[in-house]
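The values are calculated or read from the model by the stated rules, or taken from the named source; none is laboratory data. Keep in mind the model is a prediction, meaning the values are calculated, not measured. Backbone-built Cβ (ideal geometry, glycine too); neighbour counts: all protein chains shown.
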Amino acid sequence: MSRFSKTAAIFLMALIMVMSFACKKEDAGSSATGVDNLEKSLALDVSGVRSTDGQVLMPPLSAKQVPARPADPEALGEEDLLRYYDQEYAGWNAGSKINPAVSPGDGSMGKYVVLIVHGDHPWTTAYSNGAKKAADALGMRIDIWSPNWDVNVQNQMIAQAINAKPDAIGVIPINAESAVQQFRQINQAGIPAFGTNTLTTAEAMRYMVTWTGPDDWGQMRKLARYLADTMGKKGGIAYITHNPGGSPYFARMYGPRTELKDYAPDIRTLDFQSPGFDAPASKQVAADWITRFGPQLNAIFLADDSAQAIGAVDAVKEAGRTDILIVAAGNSKAGMDLIASGDLLAITYQTAEGDGAAVVKAMADFFNGASLPELGYLAQDIITRDNVAGFQPPQW
């Protein structure tokens with residue numbers, strides 16, 4: 001295909017999507033409005049809506065106790081929990097909102113919203129399913145669009161969504177640097193903006209109505225305490241991290257390490273490596289640790305319960321080490337199968353469907369005139385062999 005033909009095709013696709021958005025917006029606007037619509041919207045009962053794994057899809061979100069910010073967090077020690085204040089508490093100290101959106105107070109039913117995710121992945125499919133389920137239950141129309149991990153395409157999609165003039169736009173930003181510009185653009189267009197899933201910077205949050213998603217730091221602290229109790233609060237841990245630089249990297253390595261400093265000070269960090277999300281690479285890292293540390297290696301803490309977990313479990317099995325405990329973040333099908341077989345000690349419950357539903361529910365609450373917190377966190381839980389059956393079937 002020639003360069004001209006490809007350009008024309010892209011332009012035509014964008015035009016069709018914008019026209020589609022406009023039509024849906026017009027259709028949505030034909031629904032009942034005003035006091036009657038608000039009363040009907042407030043009367044909706046979504047408490048019985050369930051995710052694929054049988055959990056409540058839209059439970060109340062929680063807030064978080066926020067300590068005072070230290071004068072210079074980076075001057076603190078590597079395992080001091082306040083060193084990572086600006087990562088863990090991003091948004092809570094953002095300051096006043098810029099051009100804050102005002103709720104129409106006329107109900108959620110009939111509203112048309114656009115949700116732009118980060119990329120294609122089984123987790124994203126589950127997230128999108130949850131968002132659609134919530135929108136259906138709340139009487140809203142929704143379009144979900146994926147740029148497949150390309151920030152330039154995500155920027156284009158945001159511009160196209162703005163042109164469609166939906167009632168709200170939600171975004172999982174691909175990176176924090178672009179998030180400021182993206183949310184500013186939505187805000188300046190006069191469209192309520194909602195952050196979801198991935199934490200951004202405090203500056204970006206000033207342009208949002210609210211942010212919803214997992215408390216990754218809180219989950220890792222909870223998982224670390226469970227692991228420490230099982231270890232008798234002593235021994236050595238090695239960490240396979242998330243990709244360096246993003247918020248999950250800091251939460252899933254420094255969350256447990258800073259928690260264990262006070263909760264179990266006799267537990268030592270032996271090493272940490274970042275092999276990515278590749279089972280063979282993770283297996284090699286774990287095998288090297290087993291050789292290098294021998295009986296000093298008592299546990300492995302993983303940022304991922306799928307590929308990383310498969311690799312680490314294989315290494316431990318091949319070494320004949322039945323004494324090494326393994327925990328991981330997330331609850332994919334792979335991780336839950338490893339929990340059921342006894343190969344993993346514990347994983348965190350992080351509902352993908354609930355994550356997608358949470359931002360849609362926040363939008364509905366906004367349309368209904370509710371006061372929203374700066375951030376709203378999903379419920380936390382630890383999955384073990386004793387309770388894994390209650391979280392089946394897996395969402396992804």
Any pair with Cβ under 9 angstrom, 6 or more apart, that starts in the range 69-85 at a residue that is small (Gly, Ala, Ser) and ends at one that is surrounded by 10 or more Cβ atoms within 10 Å (Cβ to Cβ)
Ala75/Arg83; Gly77/Arg83; Gly77/Lys261
Hey, Lys222 in contact (Cβ under 8 Å) with a residue 12 or more places away in the chain, charged (D, E, K, R) and at positive phi or not
no
Across (1) surrounded by fewer than 23 Cβ atoms within 10 Å (Cβ to Cβ); (2) assigned by TED's automatic domain parsing to the domain that holds Ala43; (3) within 29 Å of Asp304 (Cβ to Cβ); (4) not aliphatic (A, V, I, L, M), Gln156 clears everything bar (3)
If we keep only residues of the range 304-314 that are of a type outside the set (S, T, N, Q) and surrounded by 24 or more Cβ atoms within 10 Å (Cβ to Cβ), then the residue farthest from Asp266 (Cα to Cα) is Gly311
Quick check: anything in the range 141-150 basic (Lys, Arg) and touching a Lys or Arg at 6+ places or on another chain (Cβ under 7 Å)?
yes
Could you list, in sequence order, all residues of the range 130-159 that are more than 19 Å from the chain's Cα centre (by Cα) and assigned to a helix (DSSP H, G or I)?
Asp136, Ala137, Asn152, Val153, Asn155, Gln156, Met157, Ile158, Ala159
Please name all residue pairs, on different chains or six or more residues apart, with Cβ atoms under 6 Å, provided the first residue is in the range 147-166 and is without any contact (Cβ under 8 Å) to a residue 60 or more places away in the chain and closer than 20 Å to Asp120 by Cα and the second residue is surrounded by fewer than 20 Cβ atoms within 10 Å (Cβ to Cβ) and among the acidic types (Asp, Glu).
Asn148/Asp120
Please pick out the residue among Gly276, Gly246, Gly232, Gly236 that is more than 25 Å from Gly376 (Cβ to Cβ), small (Gly, Ala, Ser) and modelled with pLDDT under 95.
Gly276
Among the residues of the range 38-77, which ones are part of a helix (DSSP H, G or I) and under 26 Å from Arg141 (Cα atoms)?
Leu38, Glu39, Lys40, Ser41, Leu42
Scan of the range 166-184 for residues that are surrounded by fewer than 18 Cβ atoms within 10 Å (Cβ to Cβ) and over 20 Å from the mean Cα position of the chain (by Cα), ordered by number:
Gln181, Arg184
Return the total of residues in the range 185-223 being among the β-branched types (Val, Ile, Thr) and either modelled with pLDDT of 95 or more or more than 17 Å from the chain's Cα centre (by Cα) (or both).
6
Just wondering, is there one or more residues in the range 351-373 that are under 17 Å from the mean Cα position of the chain (by Cα) and surrounded by fewer than 22 Cβ atoms within 10 Å (Cβ to Cβ)?
no
Restricting to the range 226-245, what's the tally of residues that are farther than 20 Å from Asp323 by Cβ, out of contact with any helix residue (DSSP H, G or I) (no Cβ under 8 Å at 6 or more places or on another chain) and in contact (Cβ under 8 Å) with a residue 12 or more places away in the chain?
1
Looking at Gly110 and the list (1) crowded, with 20+ Cβ neighbours inside 10 Å; (2) assigned by TED's automatic domain parsing to the domain that holds Ala202; (3) outside any loop (DSSP other than H, G, I, E, B), which single condition is not satisfied?
(3)
Looking at the range 269-314, which of its residues are among the hydrophobic types (A, V, I, L, M, F, W, C) and more than 26 Å from the chain's Cα centre (by Cα)?
Leu270, Val285, Ala286, Ala287, Trp289, Ile290, Phe293, Leu297
Would you mind stating whether Val360 is in the same structural domain as Ile169 (by TED's automatic domain parsing), of a type in the set (Val, Ile, Thr) and in contact (Cβ under 8 Å) with a residue 12 or more places away in the chain?
yes
